[in-house]
Structure formats: structure tokens, C-alpha cells
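A short worksheet on the structure shown next.
The values are calculated or read from the model by the stated rules, or taken from the named source; none is laboratory data. As the structure is a prediction and not an experimental result, all values here were calculated from the model. Quick reminder, even Gly has a Cβ in these numbers, built from the backbone with ideal geometry, and neighbours come from all protein chains shown. Heads up: the accessible areas ignore ligands, DNA and RNA and are worked out on the full protein's heavy atoms, side chains in. Shrake-Rupley method; radii C 1.70, N 1.55, O 1.52, S 1.80 Å.
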Amino acid sequence: MKQFLITILVFILAQSCFSQTTVIDSLSDDGVLLDSNWKYHEGDEPAWAKPGFNDEQWLSIDPTKDIHDLPALWNNNIVWLRLHFSLNGLINNQPLGFLIEQTGASEIYLNGNLIKKFGKINDGKNVIAATPSNYTFIDLKNYTSGKYIIAVRFAIQKNLPYIIFAARPNPTFKISIVTMKDITSLTHDDHYLEYIRVGLYLILAVLHLALFWFYPSQKANLFFFLFAFLFACLSFLNPIVYKYVEFANTKVYSIIIVFITFLISMFFFLTAVYKIFNKRRGFSYWVLACFLIFSVILIFINYSNGFIAGLSIFPTLIFLESARVAFIAIKSHKRGAGIIISGAISFIIFFTIQWLIVFNVLPGGPNWIFGDLAFFLSFLSLPVSVSILLALESTFAARSLVEKLKEVQILSDKTFAQEQEKQQILAAQNETLEKQVTQRTAQLNQSLENLKATQSQLIQTEKMASLGELTAGIAHEIQNPLNFVNNFSEVNKELIDEMNDEMDKGNIKEAKTIASDLQQNLEKINHHGRRADAIVKGMLQHSQQSKGLKEPTNINALADEYLRLSYHGIRAKDKDFNATIKTEFDKDLSSVEGKINIIPQDIGRVLLNLYNNAFYAVNEKTKQQPNSYDPMISVTTKKINNKIEIKISDNGSGIPKNIVDKIFQPFFTTKPTGQGTGLGLSLSYDI
């Protein structure tokens, strides 16, 4: 008897030392969440899956918490979780099952039997985590009443940047017991509102892309299209990620893309509002841009706060800023600003209702449908109001365009009538003008004939004036050889008389000396006679019309001859005139090989006109400054490659800059009336 009592006592003590057992005798509509009485131990031993293993020394844990709230799991590669529970018969006469959520890799054992694997644990260092989507159900039809032990071999994939999106945390390991009756409602597709939102935003995107396509000056349509399109994309991607993506790495990076896309789409929305009201992007706009970047960075540092900043605070600030811009527009009496204010008020109302449901102040309804609906309506209020305003703006623009088209049509009709009237008037005027043109053409032809005759007379006058100046120079130039001829003739007469006297005296030697002097004088007379003959021939050549025949010419001699003729010509008019003349002729041009083929009469006229202008300029300046001015003319010739350059310069008053472009125009002259025809340089230019 004593041994029996001791045995019973030991059994009772042993039972009390084992872990606490979770007793399940009833289920709610959502099942029973197994979140208490869990034990965990770091390390990896296959024996820990067996039901008879003693885990009383293991530490307690709540594995349903977020993975970042359980630092012990991050410090180890592999951990084991164990839970003792008991079922009291077929609850509600329904077969049972497990609903599992997790963020990691796991192997689940029930009473020592492996019933499910999620991901790959490997050796705990190369973990491939899995996140079962939309709850994963494990049928327990072979398990009825009795005591059970769940053992979970578990590891976290530590190299992933886990974040939160759409208020969905990352539970470490979450398991619930449910009946088959409730499994359909618990695993239903709860994303139907997001699918509706995808359709609505795609419609808005297509609508505003079309509006921008046909009305590109309204840039707000472009930014609203970008907002609506990105929002439709993330609304479509979000349920797919949570429902169909199982591996954690794919899900995490997809959620990051969705998160950043959400922030950018909201910023495009704000930009569209700014564009609607032609608001300059000021301090508030750029602060929100910085807050967007801050939210992206924060999601990787502390994803709970990053979720709050990016998915709660940031869109709220965007919508409030949009409302502020609209309120300013109302003050400025801008059309449609009240529509944006109405959308902002709707957003605040529905957003407030959503958070009241989140904090259980208001009921969420079955499967939290009221909360989903409030969230759906809150994020649809402002975009719809902006879309309505943009559509109205396009309508106003279209109406304005129609009115302007009507005005254009009326003006076009009036213009057409006026054009017909003008055509009739022009037809009558054309007949009159044709008659007047015929009469005036005849008059103009007569005037043209008179003008040509006058022009010919003026050209001839210019030539005669040039000839007169040349003649004066020639007369002065020819005087020297004639004086020599006359003087030597008189001397020869006296020498002949002396020679006759000596011959009469019989002084033959003296007579021969006189005869020798007489011969020298005759040679000088002959020389000066030829010189006079050359001067006369030059005068005749200048007065003759050019035949256009080129001949070898010494350009140095031609330039020097006409320089002297021009100088003597002006001295013939003004005997008091004197000027310094400098010449610098290229010696190679004076040789026989240096002669060039030109029409000497034409080039002579060109040189004479340039010389005359130079002497006239220095003479006029001499009259203005008789005491302090020394007139000077310089002439140089130079052979440059295969060309001859002749430079004529003077130190006169020069040519004013405002008439340089006119000096070659016919009849343009700066000389007083009667002193020049204005044809000298024009004829020189033609030559």
C-alpha cells in the first residue's frame, strides 16, 4: 500500500513538472489562436519533435508576435517551438484543421509526425523563408480528441529587409485551430475592394491620358494619369503578392516596390493639384518631397514607424496640402476649388472612421468589411474630386472652343463678304490702274530716254572735265621741252653766225669746235622734241575711246606719268599749290620682264581720277590749315605673287565713315555744286 501511494505521488509530481497544456473544448467563428503556453529552445535536435521529450526547462514565448519583436530568434540560426494542447471530442461535430501564418522557414510536427514544411531551413545559415499566403490550412481529420504536442523546427531568413504594407505585420509563427465549417469564411478572398479600385483607377488613368492627349497644355491631366496608373498598378499587385507569392524574398521586395510606388503616386497627385490651380511649388511642396525620401529610408530602419510615416502620415499630409492649395484657390475665386475641398472633407470623414474601426471604437463588421470600405472610400474621395474638376475644366475648355469656333465662323462669313466686295472694288480699280499704268509707262519711257541722254551728257562732261584737267597738266608739262627747243634754237643761230665768222677768218679748228657744240644742241633739241611728241600722243590716247586692246605696259612709268600730269593740272588751276610727292616703285616692274598686259588708257583714267581726288583733298585741307599742314601724296607699286598692287594715299581729310558705302555710286560727290559730277570713281570702278 505504501509503495502504491508513493508511485501515485511521483506520477502526480511528474505530471505537474511537465509543461502546461492548452485545453480546447469550444471554438469561436474565427477558431482558437494558439498564442500561449509555447516553449522554445535554441539549437537543433531531432529528438525535440518527439511527444515524450521533456521541455519543462525551455523558455516561454509567444510566436505570434512580429519577427522584430522576438530578438531571441535573430540571435540563433535554428530554434524549436513546442506546444501541448488537448481536444475534447469533435467540437461542434465538425472536423478540425490548422490555419498557419509565418515569416520564416519551418517544419511542423504533430505528435512526432511531420505534417507540413514551409521553406527550407537547411543548416540554419542558408535559410529560404516562406510566407504562406492568405492562411494555409492543414486538415486534422485523422485527429479527434486527446492530447497533442506541436513541435516546430524554425529559422528566420535574416538577410531580407522585412517591411509592413497595408497594415499587414510579419508574424513569426501563428497557428489557429478552426472547424471545416469556418474555413471557407476565414480563407475567403478579402481583396475584392482592391480589385474594384484597380478598375476605377484604370478608368481614371485612361480618361486623363486621353484628356492630356487632346489638351496637352493642361499638364495636370498628365500628372493625374501617372497617379491613377501607378495607384491601379499597386492596387493590383498588392493582393497578388499576399495571396499567391509564397517565398519571403519575392514577397518582401515586391512589397518594397509597392510601398515606393504608393509614395510616388501620392506625390504625383499633389503635383496635379498644384498644376490645376497654377500654384508655384514652394516650401511645403519640397518639404513633402523630403518626407517621401525620409519614409523610404525609415521603412528599412524601423518598419513599424516607416509604415506609419509612409502609409498614414504621408498621404494625410498630401491630402491636407491639396486641401490647403484648394482653400487658397477659393480665396482667389478660382473655379472648381470647392470640389477639391469637398473631396478633402470626405477623405477626413472616411479616414477617421477607418481609424475608429482600427481602434475598435466602431464595429468593423464581418471580416472587417466596414474598415476596408472606409479605407477604400477615403483614398477615393480626393482623387475622384480632382478627376471631376479636371473633367469640368476640359468641358469648359471645349465649350470655350466651340464658342470661339462660332465667333470664327461669323468672322469668316463677314470676311468672305468683305473679300467679295473688295474683289469687285479691286476689279474696277484694276481697270483704272491699267489705264493709268499705260499712260505713266509711256511717260516713264520718255523720262528714261531723257535720263539716258542726260547721263551720256554727264559722262561726256566728266570725260571732258578729266580731259581739261589733263590738258592743263599737259600744257604745263609740255612747256618745259618747248622752252628747251626754243632756247637751243636761239643758241644754235648764234653759233652758226660765229662759225661763219670763223670760217671767213680761215679758223677751221675753231669752226669745227663750234660745229661740235651745234651738233650737241641739235641732239638736245631732238630729245626734247620727242619728249613733247610723247606727251601729245599720251593726250591723244587719253582723249580717244578705249579699244579694249591690251598691250605690254610699264606700270611704274604709267603711274609716274599720270601722277605728274595730275599734279601739273592742279597747279595750272592754283599756282600757289604745292605738295610733297613720294613714290616707291617696285624695280622689278620697270624691267622688260616686269611689263604687264593692260589697256593703258583705261588704267590711266583710273589713276588720274584717284590722283585728282587726292590732290583735291590735300588742297582743301591746305586752305583750312594754311600754316600747320604739309600736304603729301604717296604712290607705291608692288608685285604680290601673280598680282600688281598700286597704293595711292594722301594725308588729307579722309572719307567720312557714313559715306564710304556710297563713293562708287554714280553721281555721288562731296564736292560743291559745279565742281564735280560724281562719276569719276564710278567710272573707275566699272573699269
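Please state which of the following conditions Asn92 fails to meet, knowing it meets all the rest: (1) of a type in the set (S, T, N, Q); (2) open to solvent by less than 30 Å² (accessible area, probe 1.4 Å); (3) modelled with pLDDT under 85.
The failed condition is (2).
Every residue in the stretch 373-395 that is crowded, with 22+ Cβ neighbours inside 10 Å and within 17 Å of Ala337 (Cβ to Cβ), please.
If the condition is that a residue be crowded, with 22+ Cβ neighbours inside 10 Å and within 17 Å of Ala337 (Cβ to Cβ), then Leu382, Pro383, Ser385, Val386, Ser387, Leu389, Leu390 are the ones that fit.
Only one of these conditions is not met by Val252: (1) out of contact with any helix residue (DSSP H, G or I) (no Cβ under 9 Å at 6 or more places or on another chain); (2) among the β-branched types (Val, Ile, Thr); (3) under 30 Å from Phe283 (Cβ atoms). Which number is it?
Every condition holds for Val252 apart from (3).
Given the options Ala511, Ala465, name the one that is open to solvent by less than 60 Å² (accessible area, probe 1.4 Å) and at pLDDT 75 or above.
Only one candidate passes the filter, namely Ala511.
Select from the stretch 28-39 the residues that are outside any loop (DSSP other than H, G, I, E, B), within 23 Å of Pro71 (Cα to Cα) and open to solvent by 30 Å² or more (accessible area, probe 1.4 Å) and list them in ascending order.
Hits for the stretch 28-39 are Leu33, Lys39.
A quick yes/no check of all residues on (1) acidic (Asp, Glu); (2) surrounded by 13 or more Cβ atoms within 10 Å (Cβ to Cβ); (3) in contact (Cβ under 8 Å) with a residue 60 or more places away in the chain; (4) in contact with a strand residue (DSSP E or B) (Cβ under 6 Å, 6 or more places away or on another chain):
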{"site": "Val592", "(1), (2), (3), (4)": "no, no, no, no"}
{"site": "Pro600", "(1), (2), (3), (4)": "no, yes, no, yes"}
{"site": "Ile603", "(1), (2), (3), (4)": "no, yes, yes, no"}
{"site": "Ile646", "(1), (2), (3), (4)": "no, yes, yes, yes"}
{"site": "Asn651", "(1), (2), (3), (4)": "no, yes, no, yes"}
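Could you tell me which of the residues Ile339, Ile369 is of a type in the set (Val, Ile, Thr), touching a Ser or Thr at 6+ places or on another chain (Cβ under 9 Å) and assigned to a helix (DSSP H, G or I)?
Checking each option against the conditions leaves just Ile339.
Inside the stretch 544-597, can you point out the residues that are over 30 Å from Tyr629 (Cα atoms) and assigned to a helix (DSSP H, G or I)?
Restricting attention to the stretch 544-597, the residues satisfying the condition of being over 30 Å from Tyr629 (Cα atoms) are 544-555, 587-597.
Ile555, Lys587, Asp588, Leu589 - these are the residues of the stretch 544-597 that are over 30 Å from Tyr629 (Cα atoms) and assigned to a helix (DSSP H, G or I).
Would you tally the residues in the stretch 40-52 being in a loop (DSSP other than H, G, I, E, B) and free of Cβ contacts under 8 Å to residues at least 40 places away in the same chain?
Residues in the stretch 40-52 being in a loop (DSSP other than H, G, I, E, B) and free of Cβ contacts under 8 Å to residues at least 40 places away in the same chain: 3 in total.
Does Leu563 count as at pLDDT 80 or above, within 30 Å of Asn619 (Cβ to Cβ) and not basic (Lys, Arg)?
yes
Given (1) of a type outside the set (Lys, Arg); (2) farther than 23 Å from Ile687 by Cα; (3) at pLDDT 90 or above; (4) surrounded by 13 or more Cβ atoms within 10 Å (Cβ to Cβ), identify the lone condition not met by Glu584.
(4)
If the requirement is being surrounded by fewer than 19 Cβ atoms within 10 Å (Cβ to Cβ) and at pLDDT 75 or above, which of these qualifies: Ile128, Ile177, Ile121, Ile150?
Ile128
Would the stretch 609-631 turn up any residue that is open to solvent by 30 Å² or more (accessible area, probe 1.4 Å), in a loop (DSSP other than H, G, I, E, B) and acidic (Asp, Glu)?
yes
How many residues are among the aliphatic types (A, V, I, L, M) and touching a strand residue (DSSP E or B) at 6+ places or on another chain (Cβ under 9 Å) when one looks only at the stretch 547-588?
6
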